[in-house]
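These notes concern the structure reproduced below.
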Amino acid sequence: MPDEPQFLEKPPLRPTQYALPWCFSALCICIPSPSNASIVHYLPLDGSTPTDVIGAATITNFGAEPTTDRTGMEMAAYGFDGWDDYIHAGININADIMPNITWGAWIKSNVSHQEPTARAIASQDDGQFDRHFGIDYRSGNGLSAFKGDGVLGSYPQIAGDWYFVATTYNETAHQVKLYVAEQGNTSQTGFTVITGGLTEIDGGHNYIHIGSNPFAFVSEHWDGAIDEFFIDDEVLNLEAISRIATNGIIIPEPMLPSLIAPTTLMLLRRRRCHALPSG
Ligand SMILES: [Ca+2]
Ligand SMILES: [Ca+2]
Ligand SMILES: [Ca+2]
């Protein structure tokens with residue numbers, strides 16, 4: 001007859017054994033997602049000073065003011081008055097430096113697609129339709145992007161609603177793509193993707209403006225809010241763009257303590273940890 005199985009009494013857990021599973025789950029939550037690996041600049045646009053928390057570029061604010069973000073959190077996005085506000089960033093995105101690029105942000109416009117206007121979300125333009133995305137009357141007053149010889153477009157935004165907007169420039173494939181999703185559906189099926197041919201771009205400024213076009217004669221100041229602005233030095237696909245829109249940008253852990261103010265750090269940690277399970 002086989003021996004009865006023996007059930008040994010478990011020894012009591014030591015404090016480290018209690019702690020390990022908790023630490024492990026915390027590590028899992030905070031490991032950067034692969035989709036974020038090539039993000040080279042990120043402005044969360046939280047708090048009283050706009051900061052590039054990944055690329056540490058020099059940022060100068062010309063009048064934009066903290067406002068509520070798409071979740072209703074105060075001082076968690078930046079508002080632009082449509083007249084003279086913009087944020088200058090010392091980031092060179094010219095094609096000889098960054099041939100392939102994805103850049104994007106959460107945006108809210110006070111101007112609908114029914115009013116003829118031109119407004120920049122972000123731009124390096126110095127003439128001849130350089131890298132730039134915003135709203136443009138030359139392409140239906142919708143959300144659009146420049147493509148070297150004109151304006152791509154466009155997506156008919158509704159004034160007062162939040163959208164995730166990203167644009168990719170692919171110098172190899174000579175292609176520009178605009179991705180737009182409403183706040184309520186940032187899954188891949190929630191995105192509208194508009195594709196166009198990219199003419200050889202003659203180059204623009206070696207800096208960018210967020211909320212205006214730096215081309216001296218136009219300005220095209222943004223009227224509304226901009227949040228979570230990022231630049232990636234690769235052409236991301238729909239899956240990666242949807243993941244960023246849904247989960248947010250995940251900051252590599254070593255960058256957190258030195259570059260981000262404690263309040264922002266707290267917000268980031270809270271957002272990341274809330275956002276991740278859905279991805
Ligand atoms: Ca923000
Ligand atoms: Ca102003
Ligand atoms: Ca140019």
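Only the coordinates and a few stated rules stand behind these numbers; no lab work does. Being a predicted model, the structure only gives us computed values, none of them experimental. Neighbour counts are summed over all protein chains in view; Cβ atoms, including those assigned to glycine, are modelled from backbone coordinates with ideal geometry.
For the listed peptides 111-121, 160-170, a ranking on the average number of other beta carbons within 10 Å per residue, highest first, reads 160-170, 111-121. Around the amide H of TRP162, modelled in the peptide plane, lie the amide H atoms of GLN183, all under 5 Å away and 5 or more residues distant in sequence or on another chain.
Compactness ratio for the stretch 188-230: Cα radius of gyration over 2.2 N^0.38 Å (N = residue count) comes to 1.54. Size estimate for the stretch 41-278 follows the Kirkwood approach: the inverse of mean 1/r over distinct Cα pairs works out to 17.4 Å. In the stretch 181-255, the C-alpha radius of gyration followed by the widest Cα-Cα span (Dmax) gives 15.5, 42 angstrom. Shown for the stretch 33-74 is the translational diffusion coefficient from the Stokes-Einstein equation, using the Kirkwood radius over Cα pairs, a temperature of 25 °C and a viscosity of 0.890 mPa s: 207 µm²/s.
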